[in-house]
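Colleague: What follows is a single structure, and I will ask about it in a moment.
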Amino acid sequence: MTDDPLLSVRNLEKHYPITEGVLSRQVGAARAVDGISFDIAKGETVGLVGESGCGKSTAASSIIRLEEPTGGEVIFNGDRASSATTANDERSNDVTEFDDERLKAFRRDAQMIFQDPSSSFDPRQTIGGSIAEPLEVHGMNDRARRRAIVENLLEDVGLAAAEYDRYPHEFSGGQKQRIALARALVLNPDLVIADEPVSALDVSIRAEILSLIDDLQDRYGLSMLFISHDMSVIRDVCDRVAVMYLGEIVEIAPTGEIFSNPQHPYTEALLSAIPTPDPRSTREDIELKGKVPSPTNPPAGCSFHTRCHRVIQPDEYDLEQSHWRALLTFRDEVAEGTVDVEKTRQALGADAAGDGDDEGASDAAVKRQLRTNFDLPETLSDREAEGTLTEALDHLLGGEDDRAGELLSTTFTTPCEGTEPALTDRGTDHQAACFLTESEQSFREPVGVRTD
Ligand code: SF4
């Protein structure tokens, strides 16, 4: 956490109730954001990164209270006056407790930019009028002054002052995002929250808009929360990065540190998805299998254990890591009842019939195919593990799915599903939530990061 933050997010939660029956009795909750904490210093850009559905956009809209958080604090300008808090004001600086008047003042100091700029403009209003609107809402009645401010801003974002009187449909996507930036800056905010601001743009335009964001951030001394699913975008604009998975921050560190020394396997997988132009690179692509689990029913223990390529083996096994991962995935799918033996047999039978063989698929062929489907080898290197897998396959083919599921679930367990790892220190200003220690990590070659 930083010394003198502009924004301090503490244990922020946004849970959506799940209700049932005519009385709408609450039976559970979708934990979209589940207790995240981070700071943003003055002039700093913090990236919030993760796959779609990890809760990063909900976190942003809860911070700015477009959605009401269900727990935690958002402290803005902790020990200094802002539009929302005067110098002698003894009221709390917790945004989650602001009344309407203070919330309006806060939203002057904290602006948001969205992914699709088109949807945030009124097609019947000139772009100049659109950018000037917040000035009018916040009490600037001098029309000429409003126009002068907006014309200056248009030039700051790389457009011409003369474009004031044009309409949104006359601009390209990249130009509209420039206009959205101008509107976000018109009230001279301290903080900008940018939610996937370049993901809807052509790749060729992205670099221009990112460079503009970087320039504006310097020129206006802005603090920024920059949300993206794309690590390569984060690398270009952020000072620090918080990696989110299933509503939680699993790693947070300065950008250079995250790229050169990732400590969480999920971060490692996100980094491996960045294309590398170097044909000599030995960096390994990590394919994360399976979907992000539902926040209504997160896995026990480490929430990443159902997909983690480094999921820990208990002491009694020393299997090839990819085989261990495959074994646990097979175990989970058998337990969920999603392994369909008959479908596999029919598919094999159809192939055999196509080859003129009407005998149908043998049990041995079905078992082999199931192993192939789950990336399991013909034989596991550990004799006992192989014995259990063979027995479970026999149960499955004998129609005893429950027995197979129970056998696999009681035999193959990982320490990662027992308790939830907490964020622990991994170096200066670097925290990660994983049971693997730094010495057990053998992460890939560093991914290039800007040094300016
Ligand atoms: S605790 Fe286990 S499952 Fe979670 S990230 Fe670390 S190795 Fe993977």
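Colleague: Does A353 satisfy being over 20 Å from E320 (Cα atoms), more than 16 Å from the ligand (Cβ to nearest atom), surrounded by fewer than 18 Cβ atoms within 10 Å (Cβ to Cβ) and at pLDDT below 95?
Modeller: yes
Colleague: Sort out which residues of segment 304-325 are among the charged types (D, E, K, R) and touching a helix residue (DSSP H, G or I) at 6+ places or on another chain (Cβ under 7 Å), and write them in order of number.
Modeller: Matches in segment 304-325: R310 only.
Colleague: I would also like to ask the following. State which residue pairs qualify: first residue within 21 Å of P293 (Cβ to Cβ) and inside segment 15-35, second residue aromatic (F, W, Y) in any location, beta carbons under 6 Å apart, and separation of 6 or more residues or different chains.
Modeller: Close Cβ pairs (under 6 Å, with a partner that is aromatic (F, W, Y)) amount to A30/Y16.
Colleague: Tally the residues that are away from the ligand (no atom under 16 Å from the Cβ) and touching a helix residue (DSSP H, G or I) at 6+ places or on another chain (Cβ under 9 Å), restricting the search to segment 399-431.
Modeller: Here the count works out to 15.
Colleague: Do the conditions hold for F304, that is, is it buried (at least 24 other Cβ atoms within 10 Å of the Cβ) and of a type outside the set (V, I, T)?
Modeller: Yes: the conditions hold for F304.
Colleague: With the structure loaded, tell me whether A200 is in contact with an Asp or Glu (Cβ under 6 Å, 6 or more places away or on another chain), within 23 Å of T45 (Cα to Cα) and surrounded by fewer than 21 Cβ atoms within 10 Å (Cβ to Cβ) or whether it fails that test.
Modeller: Judged against the criteria, A200 is a match.
Colleague: Right, something else. Identify all residues within segment 3-30 that are crowded, with 17+ Cβ neighbours inside 10 Å, of a type outside the set (A, V, I, L, M) and at pLDDT below 95; write none if there are none.
Modeller: If the condition is that a residue be crowded, with 17+ Cβ neighbours inside 10 Å, of a type outside the set (A, V, I, L, M) and at pLDDT below 95, then P5 is the only one that fits.
Colleague: Return the residue satisfying two criteria in turn: it lies in segment 279-288 and is loosely packed, with under 13 Cβ neighbours inside 10 Å and in contact with a helix residue (DSSP H, G or I) (Cβ under 9 Å, 6 or more places away or on another chain), and of such residues it is modelled with the highest pLDDT.
Modeller: Once the filter is applied, the top-ranked residue is E287.
Colleague: May I ask you to list the residues in segment 177-206 that are part of a strand (DSSP E or B) and either modelled with pLDDT under 90 or closer than 19 Å to F121 by Cβ (or both)?
Modeller: V192, I193, A194, D195
Colleague: Pull out all pairs, ordered by first then second residue, where Cβ-Cβ is under 6 Å, the residues are six or more apart or on different chains, the first lies in segment 257-268 and is near the ligand (Cβ under 9 Å from one of its atoms), and the second is outside any helix (DSSP H, G or I) and among the hydroxyl-bearing types (S, T, Y).
Modeller: Between residues of segment 257-268 that are near the ligand (Cβ under 9 Å from one of its atoms) and residues that are outside any helix (DSSP H, G or I) and among the hydroxyl-bearing types (S, T, Y), the close pairs are Y266/Y245.
Colleague: Could you tell me which numbered condition I209 fails, if it satisfies all but one of (1) among the β-branched types (V, I, T); (2) within 30 Å of E101 (Cβ to Cβ); (3) part of a helix (DSSP H, G or I)?
Modeller: (2)
Colleague: Now for a separate question. If you scan segment 95-136, which residues turn out to be among the aliphatic types (A, V, I, L, M) and farther than 20 Å from F76 by Cβ?
Modeller: If the condition is that a residue be among the aliphatic types (A, V, I, L, M) and farther than 20 Å from F76 by Cβ, then I127, I131, A132, L135 are the ones that fit.
Colleague: Next up: Hey, can you tell me all the residues within segment 216-244 that are among the aromatic types (F, W, Y) and surrounded by 24 or more Cβ atoms within 10 Å (Cβ to Cβ)?
Modeller: Scanning segment 216-244 gives a single hit, F226.
Colleague: Can you confirm whether V137 is under 25 Å from the mean Cα position of the chain (by Cα), free of Cβ contacts under 8 Å to residues at least 24 places away in the same chain and surrounded by fewer than 21 Cβ atoms within 10 Å (Cβ to Cβ)?
Modeller: Criteria not met by V137.
Colleague: Do we find that T437 is closer than 25 Å to V250 by Cβ and within 13 Å of the ligand (Cβ to nearest atom) in this structure?
Modeller: Judged against the criteria, T437 is a match.
Colleague: Select from segment 289-319 the residues that are more than 9 Å from the ligand (Cβ to nearest atom) and among the polar types (S, T, N, Q) and list them in ascending order.
Modeller: Matches in segment 289-319: S294, T296, N297, Q313.
Colleague: In addition: Does L216 satisfy being modelled with pLDDT of 95 or more and closer than 20 Å to I64 by Cβ?
Modeller: No: the conditions fail for L216.
Colleague: Only one of L389, L393, L348 is of a type in the set (A, V, I, L, M), away from the ligand (no atom under 16 Å from the Cβ), part of a helix (DSSP H, G or I) and modelled with pLDDT under 95. Can you tell me which?
Modeller: Testing whether each residue is of a type in the set (A, V, I, L, M), away from the ligand (no atom under 16 Å from the Cβ), part of a helix (DSSP H, G or I) and modelled with pLDDT under 95 leaves just L348.
Colleague: Conditions first: (1) out of contact with any helix residue (DSSP H, G or I) (no Cβ under 8 Å at 6 or more places or on another chain); (2) part of a loop (DSSP other than H, G, I, E, B); (3) within 16 Å of the ligand (Cβ to nearest atom). T276 passes all but one, so which condition is the exception?
Modeller: So T276 meets the others, but not (3).
Colleague: Quick test for you: out of E268, E284, E196, pick the one residue that is among the charged types (D, E, K, R) and within 27 Å of E420 (Cα to Cα).
Modeller: Only one candidate qualifies: E268.
Colleague: Does E151 meet the test of being acidic (D, E) and in contact with a helix residue (DSSP H, G or I) (Cβ under 6 Å, 6 or more places away or on another chain)?
Modeller: Yes; evaluated as a whole, the condition is true for this residue.
The values are calculated or read from the model by the stated rules, or taken from the named source; none is laboratory data. As the structure is a prediction and not an experimental result, all values here were calculated from the model. Quick reminder, even Gly has a Cβ in these numbers, built from the backbone with ideal geometry, and neighbours come from all protein chains shown.
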